[in-house]
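Some notes on the structure that comes next.
The values are calculated or read from the model by the stated rules, or taken from the named source; none is laboratory data. This structure is a prediction, so every number in the text was calculated from the model and none was measured. Virtual Cβ from ideal backbone geometry, glycine too; neighbours counted across all protein chains shown. What goes into the accessible areas is simple: the full protein's heavy atoms, side chains included, and nothing from ligands, DNA or RNA. Shrake-Rupley method; radii C 1.70, N 1.55, O 1.52, S 1.80 Å.
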Amino acid sequence: MTPLIAIAAEAAEQKSAEVTDWAGRLGWVAGLLLFIAFVYWLMRQGWKWRGSLQSDLPELPTAPEAASEARLTLSGRYHGSTTAGQWLDRIVAHGLGTRSRVELTLTDAGLVVVRPGANDFFVPAGALREARLDKGIAGKVLAEGGLLIVTWTHGGTLLDSGFRSDRAAEHAAWVEAINSMTTTTEGIAR
């Protein structure tokens, strides 16, 4: 027999070894699952700790009963809020860190933010500071100009909230409308 045929015959006869140490394998799997649960618990504790640090933020305002005429509406996603100018400093107090679907309505009274499954809130026109197109906010980075960022003040803290429309072409109209509202109220004491 030639050496190649002998090697091929020997390779064909080899089989995988039977798993005999089930207790050891189950121990490793259980240890890995416990480690994953521990890391998840630590992340949750960090989220709660961040919320307690931001507990000085007052409750979010709700939309006024008498609704004004809508200037613009938008359907899309809410990606969260951060401290203005600090795109990685996520605000989690009062549910502002929860991503969700969103229905935005801009009226003369302000910005109505309706979030199914999360806390709705209202940004009065006097609290709006500016709007701009940007590429990212904590936990979400998109192409340049893919995110509508609305800067507003709440409880003495300047916040950036990130929204993405289902139709990104709408973003420019929102920036123009919000910025025109803030320049017309520039002379009013805020």
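Just one of the listed residues (Leu133, Leu104, Leu147) is touching a residue at least 40 places away in the same chain (Cβ under 8 Å), in contact with a Leu (Cβ under 9 Å, 6 or more places away or on another chain), among the aliphatic types (A, V, I, L, M) and open to solvent by 70 Å² or more (accessible area, probe 1.4 Å), and it is Leu133.
Taking only the range 46-57 into account, find how many residues are touching a residue at least 60 places away in the same chain (Cβ under 8 Å) and surrounded by fewer than 12 Cβ atoms within 10 Å (Cβ to Cβ). Count: 1. Quickly run through the range 79-93 and pick out the residues that are over 15 Å from Thr151 (Cβ atoms) and open to solvent by less than 20 Å² (accessible area, probe 1.4 Å). Residues satisfying the conditions are Val92, Ala93. The condition of being at pLDDT below 85, more than 28 Å from the chain's Cα centre (by Cα) and over 30 Å from Arg115 (Cβ atoms) holds for only one of Ala30, Ala66, Ala6, that being Ala6.
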